[in-house]
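Input: a single structure, listed below in structure tokens.
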Amino acid sequence: MTEKELFKLIKSSLKTSKKVDIKSSSRNIDEWDSLGQLAILTTIDKKFKNKASKLTKLATAETVKDIVSILKKNKLIK
């Protein structure tokens, strides 16, 4: 999975019309509330066949940049 594909995945998880990129966060996307966070985590976990649920830091990530960093560190995205 590329970063661009991850952005699309997050955008669809949040059901937002706003552009999602590396600068996106819970502060600048209204749909990214606690339920939005859960939707993102669930979608990412499904995409990576339950490997993402083992990444505890992912649950507290509040920015796309954090999510990308955590997934890269754990070699789930390039």
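Each value in this text was obtained by applying a stated rule to the coordinates, not by laboratory testing. Computed from a predicted structure; not experimentally measured. Virtual Cβ from ideal backbone geometry, glycine too; neighbours counted across all protein chains shown.
Worth a mention:
- In region 1-29, the residues that are under 17 Å from Lys47 (Cβ atoms) reach residues that are outside any helix (DSSP H, G or I) and among the hydroxyl-bearing types (Ser, Thr, Tyr) with C-beta atoms within less than 8 angstrom, at least six apart or across chains, in these pairs: Phe7/Ser24; Ile10/Ser24.
- Top-ranked residue in region 42-69 [being among the β-branched types (Val, Ile, Thr) and within 12 Å of Glu3 (Cα to Cα); ranked as surrounded by the most Cβ atoms within 10 Å (Cβ to Cβ)]: Ile67
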